[in-house]
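First up is the structure itself, then whatever we jot down about it.
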Amino acid sequence: MNAETDAAARYFDAIAAALSGLEIFMRDDRSPLYRHGIVAKIVAEYIARLERSFDSWRNRLAFMEAFKISRAESGFPLFQNVLELENDRRHAEERIANFPDADAIRAEMADFILRHKAFPLALQKSMAERLYLEGIRNDEQFGPFMLAQTAKVSVNPKNMRPFYLVHWASFDGTANLPLVYMATVEDSSDAMARQIVDTQTGKMRKGLEIPLPVDGLLNPELAHQFDAFTERNSSYSLSPVTIATNLDKDFATLHPKQLRRVVLGPFYSAGITENNSTVSEVLSKVRKTENAWLLTWTVQEVFSKAEKPGRRGLFSSEQSTQEFHINTDDLEAARQGVSNYEKHALIPHEAYQALYAAGEAQQIFLGYKVHILSNGQVISDV
């Protein structure tokens, strides 16, 4: 195993352990996000997609050597890898058709070994490529952009508007970071109110069955426009309040009451990433390389504190607008454009001990909620 192959193996082992630990944390009923059970469930689904992407990239290395990560910044793969994976997925079926089936390749490999007393590297690459293509053709990876789904539908009894919890995700091409978005949006369109709201009870109509999740926004008249909006407004460079304000402006009958963004990363891995020299130096002293990593993420939230009613006049009209709360008492919240935010860090027990022993833990984790992965469990509030 050469140095590059060894480094790739260590990176994939570390990120697999980190994402697995994060998934455990998200599904744990003691997790801070679990108090919003559906939020943790949604994030866990995107983490599972990310895990499948890393499995695919690892399989791809068996026949393609190109794989690069953002060593000095996010610690995640460069966006080019995400685009290549998506392109391979789109053409997987036609490429698979050009290969013999897996059993035929195995038989040919066995025959080659018997006849030549050597290992059939070319056939091994063919087998690896076929298995890789079979693994990605079902659209279960974390793509460059994943269209919205409606995960929850209810009614606001105060104003009789239906509201939806909608989520989508993107991999930011500049920051090389996976981003998960969730928005709670009220819908004041007459057609959806007639379909969903029982005006006598202020609740959803009895007997109304909506098979959740629904692909796209539940309102069919706005679904395509909403998809186009989210694709244009999912960049990491846009603050949550900017995205929420744009949504409020672009849709007269959609009223965003809350927007949440989960930013996964940066990720730190000993001997591979260079995004924090202090962290890298201490992690390099961790005895087991599979425990020499640190994963951080940020949960950002902006919410509406009031709605300014619209007005209709004879010659002009104004649509209603949201007044979003920005916590100006917190300089970091104001900088991020959010009502509030939480910074989290997940680290294996051995790596945390190394940082603590080096006297670096307090400084590195200042402002973070720290979660320690130990024996398949996550211990929080340390």
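The values are calculated or read from the model by the stated rules, or taken from the named source; none is laboratory data. Bear in mind the structure is a predicted one, so any value in this text is a computation, not a measurement. Because the Cβ atoms are built from the backbone with ideal geometry, glycine has one as well, and the counts that use them run over all protein chains shown.
Rundown of residues vs (1) part of a helix (DSSP H, G or I); (2) more than 27 Å from ARG27 (Cβ to Cβ), yes/no style:
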position	(1), (2)
ILE38	yes, no
GLU45	yes, no
PHE54	yes, no
ASN87	yes, yes
PHE99	no, yes
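Take the conditions at pLDDT below 95, farther than 23 Å from PRO178 by Cα and either within 22 Å of the chain's Cα centre (by Cα) or surrounded by fewer than 17 Cβ atoms within 10 Å (Cβ to Cβ) (or both) and apply them to GLU209. Does it pass?
Yes; evaluated as a whole, the condition is true for this residue.
If I go through region 66-82 residue by residue, how many of them are more than 17 Å from TYR236 (Cα to Cα), of a type outside the set (Phe, Trp, Tyr) and either surrounded by 18 or more Cβ atoms within 10 Å (Cβ to Cβ) or touching a residue at least 60 places away in the same chain (Cβ under 8 Å) (or both)?
So the answer is 4.
Any idea which of ALA118, ALA151, ALA107 is surrounded by fewer than 17 Cβ atoms within 10 Å (Cβ to Cβ) and either touching a Leu at 6+ places or on another chain (Cβ under 6 Å) or not in a helix (DSSP H, G or I) (or both)?
The conditions single out ALA118.
Give me the pairs, please: first residue somewhere in region 233-251 and surrounded by fewer than 21 Cβ atoms within 10 Å (Cβ to Cβ) and at pLDDT 95 or above, second residue anywhere and in a helix (DSSP H, G or I) and hydroxyl-bearing (Ser, Thr, Tyr), beta-carbon distance under 7 Å, and either six or more positions apart or on two chains.
Between residues of region 233-251 that are surrounded by fewer than 21 Cβ atoms within 10 Å (Cβ to Cβ) and at pLDDT 95 or above and residues that are in a helix (DSSP H, G or I) and hydroxyl-bearing (Ser, Thr, Tyr), there is no close pair.
hydroxyl-bearing (Ser, Thr, Tyr), within 18 Å of GLU307 (Cβ to Cβ) and over 19 Å from the mean Cα position of the chain (by Cα): which single residue out of THR242, THR199, THR184, THR253 fits that description?
One residue alone meets the criteria, THR253.
On the given criteria, is ALA193 farther than 27 Å from THR230 by Cβ and either in contact with a strand residue (DSSP E or B) (Cβ under 9 Å, 6 or more places away or on another chain) or at pLDDT below 90 (or both)?
Considered against the rule, which asks whether it is farther than 27 Å from THR230 by Cβ and either in contact with a strand residue (DSSP E or B) (Cβ under 9 Å, 6 or more places away or on another chain) or at pLDDT below 90 (or both), ALA193 comes out as no.
Rundown of residues vs (1) among the hydroxyl-bearing types (Ser, Thr, Tyr); (2) out of contact with any Phe, Trp or Tyr (no Cβ under 6 Å at 6 or more places or on another chain), yes/no style:
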site: ALA122; (1), (2): no, yes
site: LYS125; (1), (2): no, no
site: GLU129; (1), (2): no, no
site: GLY135; (1), (2): no, yes
site: ASN138; (1), (2): no, yes
site: GLY143; (1), (2): no, yes
site: THR150; (1), (2): yes, no
site: TYR164; (1), (2): yes, yes
site: ALA169; (1), (2): no, no
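Pick out, from region 266-380, the strands (runs of 3 or more DSSP E) lying fully within it that include 2 or more residues that are modelled with pLDDT of 90 or more.
Once the strands (runs of 3 or more DSSP E) in region 266-380 are filtered for at least 2 residues that are modelled with pLDDT of 90 or more, what remains is 293-308, 321-325, 340-348, 368-374.
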